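Encoded as structure tokens, the structure appears first; notes follow it.
Every number here is computed from the coordinates shown, using simple stated rules; none is lab data. Note that the coordinates shown come from a computational prediction; the quantities given were computed from them, not determined experimentally. Positions of Cβ are backbone-derived with ideal geometry, glycine not excepted, and every protein chain shown enters the neighbour counts.
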Amino acid sequence: MNTSSQIPVTFSVTKVRADFPILAQSVNGKPLVYFDSGATAQKPKQVIDAIHAYYSSYNANIHRGVHHLSQVASAAYENARKKVQKHLNAADENEIIFTAGTTASVNLVAHAFLRSRLNAGDEVVITGMEHHSNILPWQQVCHEKKAILKVVAVNDDGSLDTNHFASLLNSKVKLVSCTHVSNTLGTINPVKEITSAAHALGIPVFIDGAQAVPHMKVDVQEIGCDFYAFSGHKVYGPTGIGVCYVKQSRYSEMTTWQTGGGTIKTVTFEKTEYVDGPLKYEAGTPNIEGAIGLGFALDYMNAIGMDVIAAHEHELLVYTTQRLHEFDNVEIIGSAEQKAGVISFNVKGVHPFDVGTILDQQGIAVRTGHHCTQPLMQRYNVPGTVRVSFGVYNTKDDADRLIAALEKAIKMLS
Amino acid sequence: MATIAKTENEIVEDFAMFDQWDDKYQYIIDLGKTLAPMNAEWKTDERLIKGCQSRVWLYTELKDGKVIYHADSDAIITKGIVALMVRVLSEHTPKEIVDAPLNFIEKIGLKEHLSPTRANGLLSMVKQMKLDALALTAKN
């Protein structure tokens, strides 16, 4: 497994937990153990307070007003863009487009970039471990253009079959899209190598970072990808805000997609001249408090340190995996060398829904089901899995509570 | 044959004995385990009620003017609740079934399992049981 740097003695998970008001509650009479951060992370009071402060003291529409509040709100919104740029180490703040989330980012690139470049018989390469959101927009455009969606095989251990990937690259491929970290298996994919291989043939690359940005330092220049997407709500920020990083050199190849207020220089009934840069793709009043909240969420993570978060969560992942191995009848799905964020498992002969229900009765929040990766479930021939996903606030005690609750669930259900 | 309301009351009384959540769930799990297995040939895609998580199959037939339900699920807790529904509604006339208010699930504290967000197929199953009964009323 991935080895991360040491956790500094200054890191206190107790102190971190105190930042998250929601974690103090009980569920079904038991103290809450929140192991569903892969679905959405909880929010620290720093983010909640930032949103409260925005609505209490400087709510106004942005980029449109001469008045004071509009200036303050516009500056805060653009400052959030700079924070995202810095966080991803993008070369320029104009490479950061705010969207509604990762799904919206995929749709943006599918329609504003891929659609006009795709012809009948062309190919788009994705992997067998993609979330539905990184399948459907490409599939839809492929259907429309009579292009072919090619899928990279997944090895039994949950790693990507890189030989198969290499064999799928050819001049007909117009885009490669790959998840950075699998939301179901936890596999960290070699996105830098994938990007290099695709670029060697001039193929642009989209990376779905929804499950990576919460857990590790991401550097888009180091990866070299053309597009990179993530969601605010999985990085301790608000829902309804996300990011689509677009490498500067790709902007000229993008067409307009959703148009409207805020995207233009001049409009007549005959024609419209659009602005350049991210605002062209942020039609209408954007999610202002979402962007500001996201900026504060990134500040929060950086104050702890991405390396510290990665090391802490890695320790939890290893510990929880070891403890799950104590059960003879628990099967972990996804045991790739490089993993982050999640552990998927099943109890032999027991439906994941039943396990999740009994865990919930004991105050343990996990996700069960197909995790929006039905093709991957078919690959492993399971109806679903129980998924434990980690956040910076989780503890070894949480893992022990899970194991005790699972022991009880197995006793009841077997 | 007891009325639907009487069976519902019996179940509510049974569940009133359980002080602890685990006793209640163990009972449901055991009910799921003892539900008569459904004829494999009836477990077709068209009889499948798709929930996001667990799947439920329902086969309905009319015998001597009474509706007989056969049901199954791939999740045992869902199957246990399915068994309760079959116990309450099976062997009644279509009209009795269509008219039944069916509030025992709420009374035994399992309302959350019939929530549309639970996505376990149970809510759709209850609707389908009534729809099947309605269709049989029309046939009758």
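Laid out as a table, the results:
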quantity	calculated
Cβ-derived FRET efficiency at R0 35 Å, A:THR255 paired with A:TYR319, nearest 0.05	0.10
Most fluctuating residue given options A:GLU193, A:GLU326, A:GLU123, as computed from a GNM of chain A linking Cα atoms under 10 Å	A:GLU326
Helical mean residue ellipticity (222 nm; -39500 (n - 2.57) per DSSP H run of 4+; nearest 500) of the protein assembly as shown	-12000 deg cm²/dmol
Peptide-level mean, for B:71-81, of C-beta atoms on other protein chains within 10 Å	4
Burial ordering of A:ARG81, A:ARG117, fewest other beta-carbon atoms within 10 Å first	A:ARG117, A:ARG81
Pairwise centroid distance, computed over Cα atoms, of the stretch A:331-391 with the stretch B:51-75, Å	27 Å
Burial ranking of peptide ranges A:126-137, A:297-308 (average Cβ count within 10 Å, highest at the top)	A:126-137, A:297-308
Most mobile listed residue (A:ALA153, A:ALA76, A:ALA404) in chain A, GNM with C-alpha springs under 10 Å	A:ALA404
Sites A:THR266 and B:GLU10, calculated FRET efficiency, Cβ-Cβ separation with R0 51 Å, nearest 0.05	0.10
Distance between the stretch A:63-100 and the stretch B:1-39 - C-alpha centres, whole angstrom	58 Å
Cα centroid of the stretch A:128-165 to Cα centroid of the stretch A:175-253, whole Å	15 Å
Estimated distance in nm for a label pair at A:LYS348 and B:MET17, the labels positioned 7 Å out from Cα along Cα-to-Cβ	3.4 nm
Reachable lysines from A:LYS83, criterion Cα separation under 30 angstrom, eight or more residues apart if same chain	A:LYS15, A:LYS43, A:LYS45, A:LYS192, A:LYS217, A:LYS234, A:LYS247, A:LYS265, A:LYS280, A:LYS339
Percent of C-alpha pairs per 20 Å bin, chain A, short to long	27, 55, 18, 0
Check: the stretch A:231-326 dipole with +1 on Lys, Arg Cβ and -1 on Asp, Glu Cβ, in debye	260 debye
At least 15 Å along the helix axis (C-alpha) and Kyte average at least 1.6, DSSP helices within chain A	none
Two-site label geometry, A:GLU326 and B:LEU48: point separation in nm, points 7 Å out along Cα→Cβ	3.7 nm
Square roots of five times the Cα gyration tensor eigenvalues for the stretch A:281-390, Å	31, 20, 14
Linear extension gain, B:VAL98 paired with B:LYS111, 0.36 nm per residue minus alpha-carbon span	2.7 nm
Least to most buried among A:HIS314, A:HIS164 (fewest other Cβ within 10 Å first)	A:HIS164, A:HIS314
Mean shadow area of the stretch A:224-269, taken as a quarter of the surface of its Cα convex hull (nm²)	5.0 nm²
Compactness relative to 2.2 N^0.38 Å, alpha carbon Rg of the stretch B:4-139	1.00
Simple spin-label estimate for A:GLU222 and B:ILE68 in nanometres, 7 Å along Cα-Cβ	6.8 nm
Partners for B:LYS50 among lysines (Cα-Cα distance below 16 Å; same-chain residues under 8 apart left out)	B:LYS79, B:LYS127
Equivalent-ellipsoid semi-axes of the stretch A:231-303, from the Cα gyration tensor, Å, largest first	29, 14, 9
Listed residue (B:LEU84, B:ALA135, A:THR259) projecting farthest to the positive dipole end of the protein assembly as shown, Cβ model	A:THR259
Per-residue ³J(HN,Hα) for the stretch A:223-238, Karplus 6.51 cos²θ - 1.76 cosθ + 1.60, θ = phi - 60°, Hz, x for Gly and Pro	5, x, 5, 8, 9, 8, 10, 8, 10, x, 6, 8, 10, 6, x, x
Percent of alpha-carbon pairs separated by more than 17 Å within the stretch A:215-347	72 percent
Descending principal axes extents, the stretch A:142-254, alpha-carbon based, whole Å	40, 40, 30
Fluctuation leader among A:GLU337, A:GLU313, A:GLU95 - chain A, Gaussian network, Cα springs under 10 angstrom	A:GLU337
Residue order, fewest to most beta carbons within 10 Å, for A:ILE148, B:ILE108	A:ILE148, B:ILE108
